[in-house]
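What follows is a set of notes on a single structure, which appears directly below.
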Amino acid sequence: MEKLSEINKLHFKKSPLNEQQKKAISAYLALVNKSKTDSFSSISNVYKHLEQQHQNALNAELHLRQAENTLSLCVNLINQYIDDLEGIRYKKVKRTPDEIEKDAKENNILPSEVDEYKDVRIVLNAQECQKYLDKLIFQNGKIADYEPHLSQRLIDIIHRVQSAYTLDNRPWVIGYSGGKDSSAVATLIYLSVLALEKEKRTKNIYLVASDTLVETPKVVDHIDNSLAAIHKQAKLDQLPISTHKVMPEANQSFWACLLGKGYPAPTQSFRWCTERMKINPVSDFIKSKISQHDEVIVTLGSRSEESASRAQVIAKHKIENSRFARHTTLANAYIYTPIDTWSMDDVWKILRACSLEVTTSPLGIGKKWADKYDLEWQNPWASKNLTLWNLYKDASDQGECPMVIDDSTPSCGNSRFGCWTCTVVTRDRAMESLIQNGEAWMEPLLIGRNILAKTNIITNKDRYRNYKRRIGRVNFQRAKDGDDISLERAHVPGPYWLKYRKRWLRKLLVQEKQFNKAGHKVELITKPELHAIRQEWLNDPNEPDWDDSLPGIYRSVYGKDLNWVYNDNSTFDKQGAHILTELGQQHNVVPQMVMKLLDLEISMEGLSRRSGVQNKVATILKQDWGTLEEIKDKLHDQQSRAGYDVFQEEISSLNDKLATVEALLKKEF
């Protein structure tokens, strides 16, 4: 083409063709079977045609190379399938004289002592692969008895899991969150135990899922369906696998703490939810199994690729020359992570490898997971993993909320699959993606979550939160070295005001009713939580709910009552509170303080020994009573003392030591 380009430049002028050139062009056109001659009126026209033919040839060559790559890939896949199905096959091939001589020299033996034949792995070429496929029986377009998940590598991994399982008699506890990693571990262990002889299936396997009671509804449905399917199939397969679901105590749940106690929505600096809702329920379950079996193995889907911090913690507690690691907080519990070295591709291979489509392009070979239900794997418990795949697809590139077993396990602070109420991050991108991808009915949950998140904005805290802490005192931010002590410092806000907690509970119940009316079976708040919240309101340290308003809120939404427990010994009702308020105004006494003193008196009535009563009375009297401005005036001198702030920690330490000495002096020797 370079030579032709030079010729074209020399004859660039569109001069008419002579007779000799016309004859040459006619011969060329006859050769390429082109009949139109009127378009070739100059040398330039001929060059353009030849240039186009050259480009077509290059494109054809590229397509041939792509076809060759695709054919090579297909041949490799077919050979891999045959190896997985029949084992690696070898054939005897006669050695060449040069190979015999080389082998004799390397082994320092005579050529006559060298084996005349060598073993060569059998690899079918394209024609042989075609013949092999022609012999197979096809059913509905699928190869009969094809088990794509049982590759040689997976078989080796299963053997290692079986070895770990049969090593001792310690039962296993599988942490199951319903996500891809924990599902991969559950699949791997299920296959491993299923492949064992019945007499070796001696150890119990407890598959435990943690429900925080505020999980995303789609995730809750997926986990519940999976647990039911695993439980049912394990019974049919006669496997020692049982499923369990743990939840936080009613008085430790998210709503009991936020709506009941008034805890602010969780933040990075005050993430009170993880321990109460995740760590404690799972730890209690593990402890119950430890008390029953002395020791347990906690099996997790942690991967080094996904959680570097978790990998470091496990590596730190790894037992030398063992596949297990010590649990970071629970004695007699050990950690086993069978997929810690797996990549994300490895995880999806065990979940749905037969739906992997391989494509080729000028950029190379690519992979695409198909969304075809008929091609989807049926997992060991007779369910489909397409539900899990769609859940990840609809939530964009979000991860999963892991099974949290201790403080070293990453929580759901990056808004991955988990609690719809999570306010640790600025935006819940997973929920937003689910709504955009067809789950628009969950938008009210996102709106509710965003309302809670806004209460953590600094300018909104004084509006939504009490100025007193739950201990009845107003705390101020401490001055640091170099700060101007003369400046007034902001107070540290306490729990949410009761009026907002009442408002949010009503909205929650109304939304729950609307969801169920629309056909979505959703329980946003449980009945035990409602009872726990009511008790917290009645005994709130700053704003006791003398109206006992929760039963009325529930009745106004659902038109019925629950089996509320009424305390006959209750100090105050609405009428009594009104009288006490009037008397307090007349005598310039805070009615809440009088109420607490009367409650203390009633609580100690009938006791033969009223030890410590004076200290308890003093504690109540020392609380901060009155408005924020009145309390600030009382504490003005305290705020202005530089020494109190700068040396606060030292003063607190000395006070603790003094209290210890006083307690020892009071002891009877």
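General observations
- You can think of it this way: the chain between GLN238 and LEU446 has 70.6 nm of extra reach, that is 0.36 nm per residue less the Cα-Cα gap.
- A simple spin-label model places pseudo-atoms 7 Å from Cα toward Cβ; at GLU523 and LEU597 they are separated by 4.5 nm.
- DSSP-assigned coil residues among GluC sites (Glu not before Pro) in region 193-279, each with at most 10 further Cβ atoms within 10 Å: GLU197
- Segments 276-288, 94-106 sorted - mean Cβ within 10 Å per residue, highest first: 276-288, 94-106
- For region 104-120, the Karplus equation 6.51 cos²θ - 1.76 cosθ + 1.60, evaluated at θ = phi - 60°, returns couplings of 5, 5, 5, 9, 6, 10, 6, x, 5, 8, 7, 4, 5, 10, 10, 8, 10 Hz by residue, with Gly and Pro reported as x.
- Cross-link check: pairs LYS461/LYS517; LYS502/LYS560; LYS560/LYS596; LYS507/LYS622; LYS232/LYS560; LYS218/LYS513 evaluated at a Cα-Cα cut-off of 26 Å; pairs beyond the cut-off: LYS461/LYS517; LYS560/LYS596; LYS507/LYS622; LYS232/LYS560.
- Across region 292-299, computed HN-Hα scalar couplings (Karplus, 6.51 cos²θ - 1.76 cosθ + 1.60, θ = phi - 60°) run 8, 10, 6, 9, 9, 10, 8, 9 Hz from first to last residue, x flagging Gly and Pro.
- Residue pairs, from the table LYS245/LYS278; LYS3/LYS48; LYS235/LYS278, whose Cα atoms sit over 22 Å apart: LYS235/LYS278
- Length released on extending from LYS616 to GLU106, taking residue separation times 0.36 nm less the Cα-Cα span: 174.4 nm
- Label-point separation in nm, GLU295 to ALA331, each point 7 Å along Cα→Cβ: 1.4
- Cα-Cα over 26 Å, subset of LYS203/LYS521; LYS118/LYS349; LYS198/LYS316; LYS287/LYS316: LYS203/LYS521; LYS118/LYS349; LYS198/LYS316
- Chymotrypsin sites (Phe, Trp or Tyr not before Pro) restricted to region 41-131 and DSSP loop, no more than 16 other C-beta within 10 Å: none
- Put simply, when 162-173, 457-468 are sorted by average Cβ atoms within 10 angstrom per residue, most first, you get 162-173, 457-468.
- Full extension of the chain between LEU31 and VAL661 gives 215.5 nm of extra length, using 0.36 nm per residue less the Cα-Cα distance.
- Arranged from fewest to most other beta-carbon atoms within 10 Å of their beta carbon, GLU128, GLU19 become GLU19, GLU128.
- Förster-model FRET efficiency, 25 Å R0, LEU71 and GLN152, C-beta, rounded to 0.05: 0.60
- If R0 equals 60 Å, the separation of the Cβ atoms of GLN575 and LYS245 corresponds to a calculated FRET efficiency of about 0.85.
- A Förster radius of 30 Å, combined with the Cβ-Cβ distance separating SER44 from LEU64, puts the computed FRET efficiency at roughly 0.45.
Coordinate-derived values only; no laboratory data. All of these numbers come straight from a predicted model, not from anything done at the bench. Note that each Cβ is placed from the backbone with ideal geometry, even for glycine, and that neighbours are counted across all protein chains shown.
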